[in-house]
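Inspection log for the structure reproduced underneath, given as structure tokens.
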């Protein structure tokens with residue numbers, strides 16, 4: 001059954017999210033068993049400083065699978081309007097990789113961070129590097145996944161992001177001894193379309209998304225746990241994020257393809273525990289996506305910790321949450337990660 005937010009302060013404090021715990025949790029209320037539905041104002045917190053560090057690790061030896069003769073050309077665009085708060089997006093990825101962020105005091109666990117961007121591009125900073133830096137402040141080694149985008153000419157477009165995510169998990173496990181990491185405790189956390197990939201990986205980790213290339217591919221791609229945050233879930237045109245659906249499946253997908261890539265329809269009893277977050281006023285990805293995923297997880301007997309907030313919109317991550325009910329989610333994740341044995 002779901003975990004219910006207890007309202008007790010967590011002993012760990014997120015740097016840059018130094019909120020008074022009584023204020024933070026005052027807005028949380030249990031609306032029904034297994035739910036956390038929040039409202040009310042939160043204490044203001046300063047914007048966290050941003051530091052770009054990390055080591056890039058290529059996912060594939062040589063050319064990635066499914067490449068065409070005309071490879072995409074990588075481009076990075078900065079959309080920032082706030083000095084000191086970068087907001088870059090990246091697309092045209094021909095060199096899929098993960099960028100490693102290492103904590104000063106590692107706890108042995110790692111998290112694959114999957115940025116969103118509607119499968120059109122990836123939000124490199126706000127959906128990736130800033131999340132990774134927050135994780136390192138709590139002892140987690142973080143790997144930001146720079147995955148190939150499905151609409152950029154790759155064969156088997158709909159499974160191209162999944163292939164990169166599977167490969168990343170396997171590489172982390174294959175190199176865990178060299179990096180002083182526990183090979184089993186590898187989690188995933190994804191936002192928006194990255195939440196779709198996060199949840200897709202969690203249920204389709206055995207799917208043969210690519211032909212094995214080396215010994216790392218003998219290892220499991222199943223995450224220890226998964227955290228899709230305001231995720232794209234369904235490819236049902238009635239509630240799907242239209243841009244993600246078109247980029248992933250093409251302009252006229254068959255009902256079979258739509259079903260296969262609707263994550264709520266591929267959950268199994270072997271899907272790992274999930275942590276779900278969504279704002280009910282999300283204008284971009286309807287909250288029904290998270291509700292469907294929760295229902296599927298419950299039906300399969302998978303543990304799921306669900307947090308809905310009455311306001312917060314879409315794309316809040318950790319950079320745009322000061323003074324909002326959604327500012328509770330990072331500490332809620334830290335508490336949950338500890339309880340499922342990750343940290």
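Here are the numbers:
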read-out	value
Some residue of the range 223-242 being part of a helix (DSSP H, G or I), on the phi < 0 side of the Ramachandran plot and at pLDDT 95 or above	no
Long-range neighbours under 6 Å by Cβ, at least six apart or interchain, first residue under 18 Å from residue 153 (Cβ atoms) within the range 51-74, second at pLDDT 95 or above and surrounded by fewer than 17 Cβ atoms within 10 Å (Cβ to Cβ)	71/94; 72/92; 72/94; 73/92; 74/92
Residue within the range 290-301 that is over 27 Å from residue 124 (Cα atoms), surrounded by fewer than 22 Cβ atoms within 10 Å (Cβ to Cβ) and either touching a strand residue (DSSP E or B) at 6+ places or on another chain (Cβ under 6 Å) or touching a residue at least 60 places away in the same chain (Cβ under 8 Å) (or both) present	yes
Residue 95 vs. criteria part of a helix (DSSP H, G or I) and either touching a helix residue (DSSP H, G or I) at 6+ places or on another chain (Cβ under 9 Å) or on the phi < 0 side of the Ramachandran plot (or both)	no
Residue in the range 305-315 that is modelled with the highest pLDDT, counting only those that are surrounded by fewer than 23 Cβ atoms within 10 Å (Cβ to Cβ) and within 16 Å of the chain's Cα centre (by Cα)	314
Test for residue 89: is it in contact with a helix residue (DSSP H, G or I) (Cβ under 6 Å, 6 or more places away or on another chain), on the phi < 0 side of the Ramachandran plot and not in a loop (DSSP other than H, G, I, E, B)	no
Search result, residues across the range 260-289 that are more than 23 Å from residue 119 (Cβ to Cβ) and crowded, with 23+ Cβ neighbours inside 10 Å	273
Residues that are at pLDDT below 90, surrounded by fewer than 17 Cβ atoms within 10 Å (Cβ to Cβ) and under 24 Å from the mean Cα position of the chain (by Cα), drawn from the range 47-78	47, 49, 50, 51, 52, 53, 55
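The values are calculated or read from the model by the stated rules, or taken from the named source; none is laboratory data. Being a predicted model, the structure only gives us computed values, none of them experimental. For neighbour counting, all protein chains shown are included, and Cβ atoms are generated from backbone atoms with ideal geometry for every residue, glycine included.
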